[in-house]
1. Those residues that are of a type in the set (Val, Ile, Thr) and more than 22 Å from the chain's Cα centre (by Cα), I need them from segment 55-112; list them, please.
2. Looking at the structure I just gave you, is VAL75 open to solvent by 20 Å² or more (accessible area, probe 1.4 Å), of a type in the set (A, V, I, L, M) and in contact (Cβ under 8 Å) with a residue 40 or more places away in the chain?
3. Just for segment 49-65: of the residues that are open to solvent by less than 30 Å² (accessible area, probe 1.4 Å) and part of a strand (DSSP E or B), which one is nearest to GLN114 (Cα to Cα)?
4. Can you tell me which residue is least open to solvent (accessible area, probe 1.4 Å) among those in segment 108-120 that are of a type in the set (Val, Ile, Thr) and out of contact with any Phe, Trp or Tyr (no Cβ under 9 Å at 6 or more places or on another chain)?
5. Write out, first by first residue and then by second, each pair whose Cβ atoms fall under 9 Å of each other, whose residues are 6+ apart or on separate chains, and whose first residue, in segment 113-132, is more than 25 Å from GLU78 (Cα to Cα) while the second is open to solvent by 80 Å² or more (accessible area, probe 1.4 Å) and not in a strand (DSSP E or B).
6. Please verify whether VAL84 is in a strand (DSSP E or B), in contact with a His (Cβ under 7 Å, 6 or more places away or on another chain) and within 18 Å of GLY141 (Cα to Cα), treating the condition exactly as stated.
7. Give me the residue from segment 130-140 that is surrounded by 12 or more Cβ atoms within 10 Å (Cβ to Cβ) and not aromatic (Phe, Trp, Tyr) and, out of that set, modelled with the lowest pLDDT.
Amino acid sequence: MLRSRRASLVVGLLAIPVLIAALWFAVTRTGEPELLEPTANGPLTILGSLAIEPKAPVAGQVVTARARISADRPVRLETLVVKVRDELGAFHDFQPSMNYDLGTADQDFVVTQQFTRPGLYSYYLSYRTASGWTSLPPWQGFTVR
């Protein structure tokens, strides 16, 4: 019995320096994650929301698309557009904006147009840079009555 108590005491005493070393390593090697600064060459991140009004327009009624967007850094988009497709995939895009300056603070992009034919339509925000076109989800839908 005395022998097992001594063995436990020795193991316990040997474990203390190991725990201290592990704790020291954890504290000195970890900490705040390194954050990468956005660079002009890195991928562009655009966040925001997109909605149309009215939600169920009547054929011939003016429809307003409103995007509230911002980017991870100031950028000039070659083209910014709300793209619209009907059930057959035909294009009914809103008027695009060329050379659109987008900053890091929320800003509204508002466009209007009429849809003359009843039917189901899907819409989404898309932009073009020197790297090409990027379409932003979500793809949403509306019905023209």
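1. Of all residues in segment 55-112, those of a type in the set (Val, Ile, Thr) come to 58, 62-64, 69, 75, 79, 81-82, 84, 104, 110-112.
Once the filter is applied, which keeps residues that are of a type in the set (Val, Ile, Thr) and more than 22 Å from the chain's Cα centre (by Cα), segment 55-112 yields VAL58, VAL62, VAL63, THR64, THR112.
2. Working: open to solvent by 20 Å² or more (accessible area, probe 1.4 Å): yes; of a type in the set (A, V, I, L, M): yes; in contact (Cβ under 8 Å) with a residue 40 or more places away in the chain: yes.
It is true that VAL75 is open to solvent by 20 Å² or more (accessible area, probe 1.4 Å), of a type in the set (A, V, I, L, M) and in contact (Cβ under 8 Å) with a residue 40 or more places away in the chain.
3. Let us first name the residues in segment 49-65 that are open to solvent by less than 30 Å² (accessible area, probe 1.4 Å), namely 50, 52, 57, 63, 65.
Those left that are additionally part of a strand (DSSP E or B): 50, 52, 63, 65.
Details: LEU50: 18, ILE52: 12, VAL63: 6, ALA65: 11 Å.
Within segment 49-65, the match that is nearest to GLN114 (Cα to Cα) is VAL63.
4. Here is the first cut: in segment 108-120, the ones of a type in the set (Val, Ile, Thr) are 110-112, 116.
With out of contact with any Phe, Trp or Tyr (no Cβ under 9 Å at 6 or more places or on another chain) added as a condition, the list becomes 110, 116.
Working: VAL110: 68, THR116: 102 Å².
Ranking the qualifying residues of segment 108-120, first place goes to VAL110.
5. PRO118/ARG145; GLY119/GLU87; GLY119/LEU88; LEU120/GLU87; TYR121/GLU87
6. Values: in a strand (DSSP E or B): yes; in contact with a His (Cβ under 7 Å, 6 or more places away or on another chain): yes; within 18 Å of GLY141 (Cα to Cα): yes.
Judged against the criteria, VAL84 is a match.
7. Here is the first cut: in segment 130-140, the ones surrounded by 12 or more Cβ atoms within 10 Å (Cβ to Cβ) are 133-134, 136, 139-140.
Right, trim to not aromatic (Phe, Trp, Tyr) and you get 134, 136, 140.
Working: THR134: 94, LEU136: 91, GLN140: 94.
Out of the qualifying residues, it is LEU136.
Here's the yes/no breakdown for (1) open to solvent by less than 100 Å² (accessible area, probe 1.4 Å); (2) of a type outside the set (Val, Ile, Thr); (3) at pLDDT below 95:
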residue: LEU23; (1), (2), (3): no, yes, yes
residue: ALA40; (1), (2), (3): yes, yes, yes
residue: PRO43; (1), (2), (3): no, yes, yes
residue: LEU80; (1), (2), (3): yes, yes, no
residue: VAL84; (1), (2), (3): yes, no, no
residue: MET98; (1), (2), (3): no, yes, no
residue: LEU102; (1), (2), (3): yes, yes, no
residue: ASP106; (1), (2), (3): no, yes, no
residue: SER122; (1), (2), (3): yes, yes, no
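The values are calculated or read from the model by the stated rules, or taken from the named source; none is laboratory data. Predicted model only: the values in this text are computed from it and were never measured. Reconstructed Cβ throughout: ideal geometry from the backbone, glycine too, with neighbour counts over all protein chains shown. Just so you know, the surface numbers come from the protein's heavy atoms only, side chains and all, with ligands and any DNA or RNA stripped out. Shrake-Rupley method; radii C 1.70, N 1.55, O 1.52, S 1.80 Å.
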